[in-house]
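Okay, structure first, notes after.
The values are calculated or read from the model by the stated rules, or taken from the named source; none is laboratory data. Note that the coordinates shown come from a computational prediction; the quantities given were computed from them, not determined experimentally. Here the Cβ positions follow ideal geometry from the backbone for every residue, glycine too, while neighbour counts run over all protein chains shown.
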Amino acid sequence: MDTIDRPSGRAPRVTAAMVAQRAGVSTATVSLVANGKTRGRVSEDNISRVREAISELGYVVDGIGSSLAKGVSSIVILVAPDISNPFFAKVIAGVRETLGADYQLLLSVTDAGEFPHAEDVRKLMALRPAGLLVDAPNAGFLEELSAAGPLVLLDAPGLEAYAASVNLDVAHGARELAAHLADSGHTRAAYVDSVTGTATFDVRRNAFLEEAKARGISVPPDCIISTTIDVGAAAEAFALAWPQWQRSGVTAVVCGTDTHAYGVLQEARVAGVLIPQELAVAGFDDLPYSATSNPGLTSVHLPAMPLGRKAGQQLRGLMAGLELEEPHVTLDSSLVVRGSTG
């Protein structure tokens with residue numbers, strides 16, 4: 001049997017034609033074997049010869065290239081802000097679990113605290129993705145993106161008019177948190193927000209502030225600060241703000257994410273502030289570390305993996321050309337009370 005001569009230096013990419021030459025079959029037969037479509041079409045002898053040639057040459061099927069030739073790839077793009085937030089790792093795991101091996105998940109992210117630009121995402125659309133997932137967007141981004149094709153939004157309250165969505169009822173958890181602090185006797189609080197400017201953070205902040213006001217908790221404008229979703233950034237911001245907050249009578253700090261809250265807890269320990277005796281601290285997300293921190297962190301539980309799973313299910317339905325029975329889904333949130341609020 002003829003051999004394939006390779007030039008010295010870097011080996012060329014192995015092609016279906018090279019496999020066909022080695023096995024003594026057509027490239028069409030190689031394609032059928034490589035894609036598992038041999039039933040009733042290819043003899044067992046030819047299947048064996050092609051598989052042997054594939055193994056010898058190290059041939060890898062160019063799934064993306066062949067999909068592009070058909071007008072669409074097997075890529076699914078997930079657009080997410082601030083991937084440094086551990087919450088997104090669980091969302092991604094949920095998406096990947098649902099998509100399985102049929103699709104390749106491509107992440108589009110930017111630096112911490114910045115949301116991806118629509119122009120950058122549009123460049124990725126040249127890959128002709130099978131579908132698009134956008135986590136925690138804002139209306140301006142969606143307007144500028146004007147994406148065609150299957151699209152599902154995650155954690156995008158108030159933006160249901162743009163596309164199918166899977167949301168989290170963060171407002172419910174925020175109201176529960178305000179009620180818990182009021183019942184614990186707090187009358188003055190501060191809030192540490194995210195700088196990403198996405199709709200979900202607006203909802204959790206506004207819901208908490210409204211319920212806090214209704215229950216007699218004052219949160220003055222100078223007691224609201226914003227940082228990137230980063231422990232160090234939150235710790236530094238709290239260190240600068242705490243002396244003034246303490247003088248004004250603040251006894252509770254609510255953070256837009258658990259990551260922010262970890263920074264507050266860290267700096268509070270450095271400053272010798274007793275948690276929760278002098279200061280109650282709470283967050284959103286209920287990350288795994290929140291149950292084991294010292295003290296355990298009170299947090300609004302947001303189901304990250306179910307969010308990713310459901311969004312993946314919705315997108316798979318759209319990519320299959322199905323009409324979704326329930327295009328807009330909302331998952332429940334709940335308050336988990338731990339030692340950081342007493």
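Search segment 8-32 for residues that are closer than 13 Å to Ile47 by Cβ and not assigned by TED's automatic domain parsing to the domain that holds Val50 and pair each with any residue that is surrounded by fewer than 12 Cβ atoms within 10 Å (Cβ to Cβ) and modelled with pLDDT of 85 or more when their beta-carbon atoms are under 7 Å apart and the residues are at least 6 apart or on different chains.
Cβ pairs passing all conditions: none.
Residue under question is Ser165, and the condition is that it be modelled with pLDDT of 95 or more, of a type in the set (Ser, Thr, Tyr) and under 27 Å from Ala320 (Cα atoms); does it hold?
Considered against the rule, which asks whether it is modelled with pLDDT of 95 or more, of a type in the set (Ser, Thr, Tyr) and under 27 Å from Ala320 (Cα atoms), Ser165 comes out as yes.
Taking segment 161-200 as the region of interest, how many residues are over 16 Å from Ser334 (Cα atoms) and not acidic (Asp, Glu)?
Total satisfying the criteria: 22.
Is it the case that Val192 is in contact (Cβ under 8 Å) with a residue 60 or more places away in the chain, buried (at least 20 other Cβ atoms within 10 Å of the Cβ), among the β-branched types (Val, Ile, Thr) and assigned by TED's automatic domain parsing to the domain that holds Ser248?
Considered against the rule, which asks whether it is in contact (Cβ under 8 Å) with a residue 60 or more places away in the chain, buried (at least 20 other Cβ atoms within 10 Å of the Cβ), among the β-branched types (Val, Ile, Thr) and assigned by TED's automatic domain parsing to the domain that holds Ser248, Val192 comes out as yes.
Only one of Asp285, Asp202 is more than 22 Å from Arg338 (Cα to Cα), of a type outside the set (A, V, I, L, M, F, W, C) and not assigned by TED's automatic domain parsing to the domain that holds Ala136. Can you tell me which?
Answer to the check: Asp202.
Are any residues in segment 204-230 in a helix (DSSP H, G or I) and either of a type in the set (D, E, K, R) or surrounded by 20 or more Cβ atoms within 10 Å (Cβ to Cβ) (or both), and if so, which ones?
Matches in segment 204-230: Arg204, Arg205, Ala207, Phe208, Glu210, Glu211, Ala212, Lys213, Asp222.
Scanning segment 128-150 for residues that are of a type in the set (A, V, I, L, M, F, W, C) and over 15 Å from the mean Cα position of the chain (by Cα), which turns out nearest to Met305 (Cα to Cα)?
So, considering only residues that are of a type in the set (A, V, I, L, M, F, W, C) and over 15 Å from the mean Cα position of the chain (by Cα), the one nearest to Met305 (Cα to Cα) is Ala130.
If you go through segment 236-253 one residue at a time, do you hit one that is buried (at least 16 other Cβ atoms within 10 Å of the Cβ), touching a helix residue (DSSP H, G or I) at 6+ places or on another chain (Cβ under 8 Å), closer than 30 Å to Glu97 by Cβ and assigned by TED's automatic domain parsing to the domain that holds Phe208?
Scanning segment 236-253 turns up no residue that is buried (at least 16 other Cβ atoms within 10 Å of the Cβ), touching a helix residue (DSSP H, G or I) at 6+ places or on another chain (Cβ under 8 Å), closer than 30 Å to Glu97 by Cβ and assigned by TED's automatic domain parsing to the domain that holds Phe208.
Of all residues in segment 114-130, how many are farther than 10 Å from Ser73 by Cβ and surrounded by 14 or more Cβ atoms within 10 Å (Cβ to Cβ)?
8
A quick yes/no check of all residues on (1) at pLDDT below 75; (2) closer than 29 Å to Gln313 by Cα; (3) outside any loop (DSSP other than H, G, I, E, B); (4) in contact with a Pro (Cβ under 6 Å, 6 or more places away or on another chain):
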| site | (1), (2), (3), (4) |
| --- | --- |
| Val42 | no, no, no, no |
| Asp45 | no, no, yes, no |
| Ser48 | no, no, yes, no |
| Val60 | yes, yes, no, no |
| Ser66 | yes, yes, yes, no |
| Val95 | no, yes, yes, no |
| Leu105 | no, yes, yes, no |
